[in-house]
There are 2 protein chains.
Amino acid sequence: MSDYAVAASRVTHEGVLVTVRIDEVRMPDGEVAEREVVASADAVAVVALDGDDVVLLRQYRHPVGERLLELPAGKLDVDGESREDAARRELCEEVGLEAGELVELTTFHNSAGWTDESTTLYLARAVRPAPAPAGFTATAEEADMEVVRLPLAEAAAMAAEGRLRDAKTVVGLLIARHRLAPS
Amino acid sequence: MSDYAVAASRVTHEGVLVTVRIDEVRMPDGEVAEREVVASADAVAVVALDGDDVVLLRQYRHPVGERLLELPAGKLDVDGESREDAARRELCEEVGLEAGELVELTTFHNSAGWTDESTTLYLARAVRPAPAPAGFTATAEEADMEVVRLPLAEAAAMAAEGRLRDAKTVVGLLIARHRLAPS
């Protein structure tokens with residue numbers, strides 16, 4: 001891995017959600033080249049099964065100007081919070097559920113060519129209703145979210161046919177279906 | 001869709017690969033809230049089949065500090081180039097192939113909560129060797145890429161088991177496998 005070493009780094013922008021920096025990277029051939037990196041907090045997402053159904057959300061996403069059908073998910077934006085705790089928190093805040101069983105499925109990179117973001121996916125089973133956590137305030141988009149329950153087989157077929165447009169949701173549904181019914 | 005209208009917008013950073021802006025978005029309840037958006041050129045990626053094999057690349061990705069197994073892919077960074085032309089260009093530049101048949105599989109959003117990036121996936125068949133295009137200069141990472149051929153069934157199984165870490169590659173392999181052998 002250390003064929004590529006960072007010789008120097010400078011931050012060019014501190015945003016609200018992201019930090020942009022320019023790294024000077026020493027390449028295997030010895031040349032040094034500049035590479036722009038967008039640093040963004042890692043994310044978690046949950047395939048939550050309630051019987052045969054998966055619990056999804058339809059939510060407006062301003063960056064793409066569309067309502068997307070998505071897994072419950074969120075950023076690791078609470079200091080000291082583990083990925084698993086963040087997954088449990090988002091499951092509670094977004095769809096009002098707690099999981100009796102939570103297992104990690106995978107971690108993937110959303111767009112490895114230009115951002116360091118990774119998303120860890122969990123499978124939640126034995127779910128039951130949970131009260132919203134104390135002190136939680138929904139954003140306007142969260143208040144406008146619609147919970148959608150679909151049979152996992154149907155949601156996974158939509159993903160496999162290219163009819164869902166959110167990366168973590170496609171990846172999570174297809175890996176969960178494979179885990180539960182390998183084909 | 002127009003429940004959410006952009007009342008104003010200002011660019012806060014012009015980077016090399018990305019532009020960061022703050023939009024003032026009027027929410028359905030009438031309130032105006034600021035939303036940071038990272039604008040990044042759209043991408044294309046190709047599931048290229050040569051007989052039963054899919055043609056992949058192992059490539060160092062500086063933002064995540066790992067070598068990833070990926071589909072041939074790239075950004076729409078040539079003025080006026082269509083997505084299909086970009087897919088053909090990347091297939092030629094990265095793995096030295098041209099496609100007799102190229103069909104679109106899907107378009108997904110890599111991380112819809114904070115960036116407008118989308119990636120369009122293609123399935124290429126009837127591939128044959130093609131000379132590198134005139135004027136093409138590889139980056140250091142591209143010169144260091146390794147071409148990896150695997151049976152599509154094996155690569156798709158790796159994706160379904162959570163053993164691949166690049167979003168477009170997981171999505172592309174699983175949708176291509178479903179298209180060719182629905183389960």
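The values are calculated or read from the model by the stated rules, or taken from the named source; none is laboratory data. No experiment lies behind these values; they were computed from the predicted model shown. Counting neighbours? That spans all protein chains shown, and the Cβs are built from the backbone with ideal geometry, glycine included.
From A:Ala33, A:Ala39, which residue is within 12 Å of chain B (Cβ to nearest Cβ), among the small types (Gly, Ala, Ser) and touching a helix residue (DSSP H, G or I) at 6+ places or on another chain (Cβ under 7 Å)? Outline the logic, then answer.
On the way: A:Ala39 fails: touching a helix residue (DSSP H, G or I) at 6+ places or on another chain (Cβ under 7 Å).
None of the other options fit; the residue is A:Ala33.
Which residue is surrounded by the fewest Cβ atoms within 10 Å (Cβ to Cβ), if the candidates are limited to segment B:94-118 and must be touching a Phe, Trp or Tyr at 6+ places or on another chain (Cβ under 9 Å) and more than 26 Å from A:Thr119 (Cα to Cα)?
Only one residue tops the list, namely B:Val103.
Go through segment A:9-57 and give me each residue that's over 26 Å from A:Ser82 (Cα atoms) and either assigned by TED's automatic domain parsing to the domain that holds A:Ile175 or of a type in the set (Ser, Thr, Tyr) (or both).
Narrowing segment A:9-57 to residues over 26 Å from A:Ser82 (Cα atoms): A:9-13, A:22-36, A:51-53.
Of everything in segment A:9-57, those that are over 26 Å from A:Ser82 (Cα atoms) and either assigned by TED's automatic domain parsing to the domain that holds A:Ile175 or of a type in the set (Ser, Thr, Tyr) (or both) turn out to be A:Ser9, A:Thr12, A:Gly51, A:Asp52, A:Asp53.
Report whether or not A:Ala126 is of a type outside the set (Val, Ile, Thr), surrounded by 15 or more Cβ atoms within 10 Å (Cβ to Cβ) and either part of a strand (DSSP E or B) or modelled with pLDDT of 95 or more (or both).
On the way: of a type outside the set (Val, Ile, Thr): yes; surrounded by 15 or more Cβ atoms within 10 Å (Cβ to Cβ): no; either part of a strand (DSSP E or B) or modelled with pLDDT of 95 or more (or both): yes.
So A:Ala126 fails the test.
Could you please give the count of residues in segment A:139-170 that are assigned to a helix (DSSP H, G or I), within 8 Å of chain B (Cβ to nearest Cβ) and over 13 Å from A:Leu69 (Cα atoms)?
Result for segment A:139-170: 4.
Quick check on my filter: what residues within segment A:47-101 are more than 14 Å from chain B (Cβ to nearest Cβ), outside any strand (DSSP E or B), in contact with a helix residue (DSSP H, G or I) (Cβ under 9 Å, 6 or more places away or on another chain) and touching a residue at least 40 places away in the same chain (Cβ under 8 Å)?
A:Asp52, A:Glu93 - these are the residues of segment A:47-101 that are more than 14 Å from chain B (Cβ to nearest Cβ), outside any strand (DSSP E or B), in contact with a helix residue (DSSP H, G or I) (Cβ under 9 Å, 6 or more places away or on another chain) and touching a residue at least 40 places away in the same chain (Cβ under 8 Å).
So how many residues does segment A:76-105 have that are of a type in the set (Ser, Thr, Tyr) and on the phi > 0 side of the Ramachandran plot?
The initial filter retains those residues of segment A:76-105 that are of a type in the set (Ser, Thr, Tyr), namely A:82.
This time we only want the ones that are on the phi > 0 side of the Ramachandran plot, so: none.
Adding up the residues that qualify gives 0.
Which of the following residues is modelled with pLDDT of 95 or more and surrounded by fewer than 22 Cβ atoms within 10 Å (Cβ to Cβ): B:Leu173, B:Leu69, B:Leu121, B:Leu91? Before you say what the answer is, go through the steps one by one.
Working: B:Leu173 fails: surrounded by fewer than 22 Cβ atoms within 10 Å (Cβ to Cβ); B:Leu121 fails: surrounded by fewer than 22 Cβ atoms within 10 Å (Cβ to Cβ); B:Leu91 fails: surrounded by fewer than 22 Cβ atoms within 10 Å (Cβ to Cβ).
On inspection, the qualifying residue turns out to be B:Leu69.
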